[in-house]
């Protein structure tokens, strides 16, 4: 069976040396690797991408593994490699090519990567098109998502066994949280009482450390009503109940039915299932961010600009994209309303 990826100890010696050098953490005089500042998750992403590259070469052109690592990364070979990943997500393919480009630039800044960047641009454009298709009809209003959470934790939680009521209270709190504070899933799963969830008698603050954000910046926000009351209800009732079902005590905010911290993958599936049940549309956690930005943009350009700080963006470009998307939606609604008036007059 063909290996999808190879781990560093399975790479050629020259590649292992490059990889070790990129992560070197010596002092400035000894030399610090270009990847030394990256998060562990980003390092793992690059390791997996390069491991796929090595595995593909071993399968398709094993003689190339005897060449110098950078000399193997030829545009025509990269095109063939990208084509071999046709079944993978478009953005995943782009990220793997990013790994090759980033390693080349880090090892030898004089190497010309123009052709590789052109290949990346083509695949990135395709990824954007497919991402738009994937999101079609799945970006709901933030108000709809908030109401879904409140309803699930409210009247829907009044029926059923104690376990079912506690589950619905937790699940409703999760939906309402993401609707009002749409942080990324990694940070959402990693919320911890006393560290990133700070409670006082009068408020609840969410404080994400640089390690928890994509930009590497600290992000803080006060929990607004009605989420604050719902979160306190969850913390007083549902969380202790679910925690007692397990055999360990922990401080993570979100507790699974087993009493253990809720995992990253399970959280994604859970949010999709809950939104499908409450709205009829499967909305993954990341789409809550699109929902928030688009909802703000529908209000006014000023609201569109406020999406940047809300979502932890470092520039206005992403918020502007959602504003343009919202204008298209509104234009379509205005057009349909005009057609309705014309028909009613004829």
Exercise for review: Find the residue count for the stretch 240-261, including only residues that are buried (at least 20 other Cβ atoms within 10 Å of the Cβ) and touching a helix residue (DSSP H, G or I) at 6+ places or on another chain (Cβ under 7 Å).
Suggested key: 3
Check your understanding: For the stretch 180-207, how many residues meet the condition of being over 21 Å from residue 146 (Cβ atoms) and in a strand (DSSP E or B)?
Key -> 5
Study note, to complete from the structure: With criteria (1) modelled with pLDDT of 95 or more; (2) in contact with a strand residue (DSSP E or B) (Cβ under 9 Å, 6 or more places away or on another chain), residue 169 comes up short on (2)
Check your understanding: Consider residue 250 against the criteria (1) assigned to a loop (DSSP other than H, G, I, E, B); (2) over 27 Å from residue 41 (Cβ atoms); (3) touching a strand residue (DSSP E or B) at 6+ places or on another chain (Cβ under 8 Å): it satisfies all of them except one. Which criterion is unmet?
Key -> (2)
Check your understanding: Within the set of pairs 6 or more residues apart or between chains, which connect a residue that is touching a residue at least 12 places away in the same chain (Cβ under 8 Å) and at negative phi inside the stretch 157-168 to a residue that is surrounded by 13 or more Cβ atoms within 10 Å (Cβ to Cβ) and not in a helix (DSSP H, G or I) with Cβ atoms less than 8 Å apart?
Key -> 163/257; 167/257
**Study point:** Within the stretch 217-244, considering residues that are in contact (Cβ under 8 Å) with a residue 60 or more places away in the chain and assigned to a loop (DSSP other than H, G, I, E, B), the one farthest from the chain's Cα centre (by Cα)
**Key:** 226
Exercise for review: State all residues of the stretch 28-81 that are touching a residue at least 60 places away in the same chain (Cβ under 8 Å) and either within 25 Å of residue 118 (Cα to Cα) or outside the structural domain of residue 116 (by TED's automatic domain parsing) (or both); if no residue qualifies, say none.
Suggested key: 34, 35
Review point. Does at least one position in the stretch 263-272 carry a residue that is in contact with a strand residue (DSSP E or B) (Cβ under 8 Å, 6 or more places away or on another chain) and either part of a loop (DSSP other than H, G, I, E, B) or modelled with pLDDT of 95 or more (or both)?
Key: no
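Can you pull out the residues in the stretch 85-104 that are more than 20 Å from the chain's Cα centre (by Cα) and surrounded by 14 or more Cβ atoms within 10 Å (Cβ to Cβ)?
85, 100, 101, 102, 103, 104
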Review point. Quick check: anything in the stretch 282-291 out of contact with any strand residue (DSSP E or B) (no Cβ under 8 Å at 6 or more places or on another chain), modelled with pLDDT of 50 or more, surrounded by fewer than 16 Cβ atoms within 10 Å (Cβ to Cβ) and outside the structural domain of residue 187 (by TED's automatic domain parsing)?
Key: no
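Within the stretch 16-24, can one find any residue that is surrounded by 11 or more Cβ atoms within 10 Å (Cβ to Cβ) and at pLDDT below 90?
yes
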**Study point:** Count - residues of the stretch 187-221 that are at negative phi and either outside the structural domain of residue 260 (by TED's automatic domain parsing) or surrounded by fewer than 14 Cβ atoms within 10 Å (Cβ to Cβ) (or both)
**Key:** 11
Review point. Residue 54 fails exactly one of the following numbered conditions: (1) surrounded by fewer than 20 Cβ atoms within 10 Å (Cβ to Cβ); (2) at pLDDT 95 or above. What is the number of that condition?
Key: (1)
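The values are calculated or read from the model by the stated rules, or taken from the named source; none is laboratory data. These numbers were taken from a predicted model, which means no experiment stands behind them. Please note: Cβ atoms are built from the backbone with ideal geometry, for glycine as well, and neighbour counts cover all protein chains shown.
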